[in-house]
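**Q** Supplied in structure tokens, the structure appears directly below.
The numbers here are math on the coordinates, done by the rules we state, and not lab data. Worth saying up front: this structure is predicted, and the values here are computed from it rather than measured. In this analysis, Cβ positions are derived from the backbone assuming ideal geometry, glycine residues included, and neighbour counts consider all displayed protein chains.
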Amino acid sequence: MNLTKINYEADEKWADVVPILQQEGENSLAQIAYTDEYSQATSYLRAVMASNEKSERAMELTEHIINMNPAHYTVWLYRADIIKTLSLNPVKELDKLEAISLNHPKNFQVWGYRQSIMSIIPTLPPKELSFLAKVLAKDAKNYHVWAYRQWLVEYFSLWPTSEGKGSELFFIDSLLTNDVRNNSAWNHRYFVLFGRNVESVMPLDIFTQEINYAMAKIDTAPQNASAWNYLKGILRKQKKGAKEVEHFALQYVSLEDESKIRSSHALDLLAEIWAGEASDKACQALDLLSNKYDPVRANYWQYRKSLIKAAQAA
Amino acid sequence: MSISGSHLAVQRHVEYIQSLDTQQDDLEYWLTEHLRLNGLYWGLTALHILGHPEALSREETIDFVFSCQRENGGFGAAPGHDAHVLYTVSAVQILVEIDALEELDRRTNEGRGKVARYLANLQDKQTGTFAGDEWGEVDTRFLYAAINALSLLDCLSMIDQQKAVEYLQACTNFDGGYGASPGAESHSAQIFTCVAALAILGKLDLVDTERLGCWLSERQLPNGGLNGRPEKLEDVCYSWWVLSPLAVIGKLDWIDREKQLAYILSCQDTEKGGLADRPNDMVDVFHTHFAIAGLSLLSYPGLEPIDPV
Ligand SMILES: [Zn+2]
């Protein structure tokens, strides 16, 4: 984008516009921090907005201001207005946004604007998902980007197929292969599978598929809380208890040989499974957690134990 | 260690907050100007907790607050800035804190009703959530801010509370936490906003306290600090975002109090005053406030108690 200094007062193209200066008092505290170039450009923006001008030169003006201050939200809204009024090509606009989105990925305006432009495009532009992959490669946990991606999934209905497959799951898997502790990716996985407003048709074995998926990922990093939380979330959604993963969890725990305990999360889940029928073992697991494997949360583990004791006494 | 120490350097922190208003020549002051009304609220609340509410002039505080009010009834970050729900709640909270809410009725002709109408109009009638301003970004932070302010103004009846509750419920996640919108990842700060809003609306029975408490207590790291999401770095502002909802659901003892106290104290600058996000970082009023508020929730001796909501 243009880095040279732009002087509207010296530009013939703008000769017919009378800039509207910032009013006395308004933003007076802030003025010091702004450059002359910025003050002049925003004075022309005020004039353009006052006459509701939607034009090519107004597009250039908004671009200039956005480059100087991408947090200026009125200018983004006005730019979206111009695009809609003049029926400018929205896909071309998205291409233009790429650099600023990569440079200011934590700026909400960038994503709110992208969403408003995208919502005048009828089908998903072919480059969109690879662009998002590029942004997430820089910061895989950016909250704005994930919120935007969820909107995109709903808007273009990028939900998994009835066989439980699809581009979103494929992408999430590539992120988790890269970093299995990426909690945002786990959350997105749950969202695309179970987050639809309309009760969707899901294959009966979706739970089996996801339980297997989580177990395979846990095996690569048994102490990864995100994967265990996902597994617990799926089991909860399935409403059949956690008994079916007992053998799996036992791979990382041995009550007889403490040197074989490789995951506090496995102990946690086993304590839950054992709470009813094998309460002594459950209490043993909870003691191990509070004394050795997660002492920071000792009170929490002891609370769980007190529930078991209370049930025994009843 | 001269930087941290094992006691809260109360006098230093009071002086630090007082000094913020006199540093108007610093470039940093200008750059953070968009946060000023919030900054005033954070500084003032910290002073109240520290037991020095008189350290900022009451009259000047009120004047500044009203200089930020806009035509539409909302408040901006500083004089001349557009209104936003986050600054409006700060304005209301400040006025309540210094017992000056009646100034709203005295100084403006439509009084608190106008502020309340500004806030109520930000509610999305369809979904029940709130936008931050007239431009439409939605986030449970804005919902909490609006509900908190409306409750302080005693005007909650102006909004559709049932819809707001349904929206909050839709933000519940599979891991027991809450996100910024339905489906969005659980995040400690969003959990604070959702739980506090449900508390104000009298709907805490909708919270699965056991699973939420479990997730929140999992935020404590071996060094005693708290983080906002799994695998993220600790930060002293989470001493508020995590501890407040734990206090609301009565599970504050599920974290290691001593370790958390030691962590917060390690973030203070005992020479110049103020607290930072992490030990040895630059202090700021935002982290100073959340750290001191966290200490208050943990009943650190000598501090005034704070309402977790
Ligand atoms: Zn922080």
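**Q** From the residues B:LEU216, B:SER186, A:HIS188, which one has its Cα farthest along the dipole of the protein assembly as shown in the positive direction, the dipole being from +1 and -1 charges on Cβ of Lys/Arg and Asp/Glu about the Cα centre?
**A** A:HIS188
**Q** To continue, here is another question. Starting at 0 and stepping by 10 Å, how many percent of the alpha carbon pairs of segment A:16-166 end up in each bin?
**A** Once binned at 10 Å, the Cα pair distances of segment A:16-166 give 9, 35, 31, 17, 6, 2, 0.
**Q** Here's something else I'd like to know. Taking each pair of different alpha-carbon atoms in segment B:150-252 once, compute 1/r for the pair, average those values, and report the inverse of that mean as the Kirkwood hydrodynamic radius in Å to one decimal.
**A** By the Kirkwood definition, the hydrodynamic radius is 13.9 Å.
**Q** Could you work out the relative contact order of segment A:161-263? I mean the mean sequence separation of Cα pairs under 8 Å and 6+ apart, divided by the number of residues, in percent. Please report the intermediate quantities before stating the final value.
**A** Details: 75 pairs, mean separation 24.5, N = 103.
Relative contact order, segment A:161-263: 24 percent.
**Q** Sorted by average packing, counted as other Cβ atoms within 10 angstrom per residue and highest first, what order do B:107-115, B:167-175, B:40-48 take? Could you put the intermediate results ahead of the total?
**A** Numbers: B:107-115: 16.0, B:167-175: 21.6, B:40-48: 23.2.
Peptide ranking by packing, descending: B:40-48, B:167-175, B:107-115.
**Q** Out of the trypsin sites (Lys or Arg not before Pro) in segment A:238-269, which ones are loop residues according to DSSP with at most 16 other C-beta atoms within 10 Å? Show your work: numbers first, answer last.
**A** Values: sites: A:LYS239, A:LYS240, A:LYS243, A:LYS260, A:ARG262; in loops: A:LYS239, A:LYS240, A:ARG262.
Hits after loop and neighbour filter: A:LYS239, A:LYS240, A:ARG262.
**Q** Positive end of the dipole of segment B:57-202, charges at C-beta (+1 Lys, Arg; -1 Asp, Glu), about the Cα centre: which of B:ALA77, B:GLY202, B:LEU101 has its Cα farthest in that direction?
**A** Going by the charge dipole, the pick is B:GLY202.
**Q** Any chance you could check the Cα centroid distance between segment A:132-204 and segment B:109-168 for me, in angstrom?
**A** 31
**Q** Okay, next question. In segment B:205-247, which GluC sites (Glu not before Pro) fall in coil by DSSP and have 14 or fewer other Cβ atoms within 10 Å?
**A** Working: sites: B:GLU210, B:GLU218, B:GLU231, B:GLU234; in loops: B:GLU218, B:GLU231, B:GLU234.
When the GluC sites (Glu not before Pro) of segment B:205-247 are filtered for loop state and at most 14 Cβ neighbours within 10 Å, B:GLU231 remain.
**Q** May I ask which residue of A:THR62, A:ASN103, A:LEU289 lies farthest towards the positive end of the charge dipole of chain A, with charges of +1 (Lys, Arg) and -1 (Asp, Glu) on Cβ and the Cα centre as origin?
**A** Towards the positive end, the residue furthest out is A:LEU289.
**Q** A follow-up question, please. Which number do you get for Rg(Cα) / (2.2 N^0.38 Å) in segment B:57-202?
**A** On the way: Rg = 15.2 Å, N = 146, 2.2 N^0.38 = 14.6 Å.
Computed over Cα atoms of segment B:57-202, the ratio equals 1.04.
**Q** Here is a follow-up. Using Cα-Cα distances under 8 Å and only pairs 6 or more residues apart, what relative contact order does segment B:176-309 have, in percent? Intermediate values should be presented prior to the final figure.
**A** Values: 207 pairs, mean separation 29.2, N = 134.
Value for segment B:176-309: 22 percent.
**Q** Other chains' Cβ within 10 Å of A:147-157 residues: what's the mean? Provide the component values of the computation, followed by the final result.
**A** Details: counts 8, 0, 0, 6, 2, 0, 1, 1, 0, 0, 0.
Counting Cβ atoms of other protein chains within 10 Å of each residue's Cβ and averaging gives 2.
**Q** Hey, what angle do you get for helix A:183-194 against the long axis of chain A, alpha-carbon based, 0 to 90 degrees rounded to 10?
**A** 80
**Q** May I pose another question? Quick one: 3J(HN,Hα) in Hz for segment B:287-295, Karplus 6.51/-1.76/1.60 with θ = phi - 60°, rounded, Gly and Pro as x.
**A** 6, 4, 5, 5, 5, 5, 5, x, 4
**Q** I need A:LEU267, A:LEU158 ordered by Cβ neighbour count within 10 Å, fewest first.
**A** Ranked by crowding around the Cβ, least crowded first: A:LEU158, A:LEU267.
**Q** For peptide B:174-182, compute the average count of partner chain beta-carbon atoms within 10 Å of each residue's beta-carbon. Write down the numbers at each step before the final one.
**A** Values: counts 13, 12, 4, 2, 0, 6, 4, 3, 4.
Going residue by residue through B:174-182 and averaging, the value is 5.
**Q** Can you give me the pair-distance distribution of chain B, C-alpha pairs, 20 Å bins, whole percents?
**A** That works out to 34, 59, 7, in percent per bin.
**Q** Place a +1 charge on the Cβ of each Lys and Arg in segment B:154-309 and a -1 charge on the Cβ of each Asp and Glu, then give the dipole magnitude about the Cα centre in debye, rounded to the nearest 20. Don't jump to the answer; show the numbers that get you there.
**A** Details: 11 positive and 22 negative charges, 23 e Å.
Charge dipole of segment B:154-309: 100 debye, to the nearest 20.
**Q** Which is the longest stretch in chain A that no exposed loop site breaks, taking sites as GluC sites (Glu not before Pro) with a DSSP loop state and at most 12 other Cβ atoms within 10 Å? Don't skip to the end; give the middle numbers.
**A** Details: sites that count: A:GLU24, A:GLU163, A:GLU199, A:GLU256, A:GLU277.
In chain A, the maximal stretch lacking such sites is A:25-162.
**Q** So, one more: Would you order A:HIS247, B:HIS13, A:HIS64 from fewest to most other beta-carbon atoms within 10 Å of each residue's own beta-carbon? Could the numbers behind the result be given before it?
**A** On the way: A:HIS247 8, B:HIS13 26, A:HIS64 20.
Sorted ascending by nearby Cβ count, the order is A:HIS247, A:HIS64, B:HIS13.
**Q** Turning to a different aspect of this structure: For every helix of n ≥ 4 consecutive DSSP H residues, a contribution of -39,500 (n - 2.57) applies; sum these over the protein assembly as shown, divide by its total residues, and give [θ] at 222 nm rounded to the nearest 500 deg cm²/dmol. Provide the component values of the computation, followed by the final result.
**A** Details: 30 runs with 331 residues, N = 623.
Estimated from H runs of four or more residues: -16000 deg cm²/dmol.
**Q** Per-residue HN-Hα couplings for segment B:62-71, Karplus 6.51 cos²θ - 1.76 cosθ + 1.60 at θ = phi - 60°, whole Hz, x for Gly and Pro?
**A** Calculated HN-Hα couplings, in order: 4, 4, 5, 4, 5, 5, 9, 6, 9, 3 Hz.
**Q** Report relative contact order for segment B:57-202 in percent, whole number only (criteria: Cα-Cα under 8 Å, sequence separation at least 6). If you can, show how the numbers build up before the last one.
**A** Working: 212 pairs, mean separation 25.5, N = 146.
It comes to 17 percent, rounded to a whole number.
**Q** Averaged over its residues, how many other protein chain Cβ atoms are within 10 Å of peptide B:253-260's Cβ atoms?
**A** Values: counts 5, 8, 4, 5, 1, 0, 2, 1.
Average per residue, whole number: 3.
**Q** Let me ask you something else. In debye, nearest 20, what is the charge dipole magnitude of chain A about its Cα centre with +1 on Lys and Arg Cβ and -1 on Asp and Glu Cβ, if you could check? If you can, show how the numbers build up before the last one.
**A** Numbers: 35 positive and 38 negative charges, 190 e Å.
Roughly 920 debye for chain A.
**Q** Moving to a separate point now. For segment A:81-198, with only Lys/Arg (+1) and Asp/Glu (-1) charged at the beta-carbon, what is the dipole magnitude about the Cα centre, in debye rounded to 20?
**A** 160
**Q** Still on this model: If eta is 1.002 mPa s and T is 20 °C, what Stokes-Einstein diffusion coefficient results for segment A:244-314, Kirkwood Rh from Cα pairs, in µm²/s?
**A** Values: Rh = 12.0 Å.
Value of D from the Cα-based Kirkwood radius: 179 µm²/s.
**Q** Oh, and also: For q values of 0.10, 0.15 Å⁻¹, compute log₁₀ I(q)/I(0) with the Debye formula on a Cα-only model of chain A, without solvent.
**A** The calculated log intensity ratios at q = 0.10, 0.15 Å⁻¹ are -0.74, -1.14.
**Q** Additional query: For the protein assembly as shown, what is the convex hull volume of its Cα atoms per residue in Å³?
**A** Numbers: hull volume 109.1 nm³, N = 623.
Hull volume over Cα atoms, normalised by residue count, gives 175 Å³.
**Q** Pop out the ³J(HN,Hα) list for segment A:9-20 in order, Karplus 6.51 cos²θ - 1.76 cosθ + 1.60 with θ = phi - 60°, rounded to Hz; leave Gly and Pro as x.
**A** 5, 8, 9, 4, 4, 10, 4, 7, 9, 9, x, 9
**Q** In a GNM of chain A with a 10 Å cut-off on Cα contacts, which of A:LYS232, A:LYS92, A:LYS134 has the highest mean-square fluctuation?
**A** A:LYS92
**Q** Using Cβ counts within 10 Å as a stand-in for footprinting exposure, how do A:ARG181, B:ARG229, A:ARG114, B:ARG58 rank, fewest first? Could the numbers behind the result be given before it?
**A** Values: A:ARG181 16, B:ARG229 20, A:ARG114 23, B:ARG58 13.
Fewest-to-most Cβ neighbours within 10 Å comes out as B:ARG58, A:ARG181, B:ARG229, A:ARG114.
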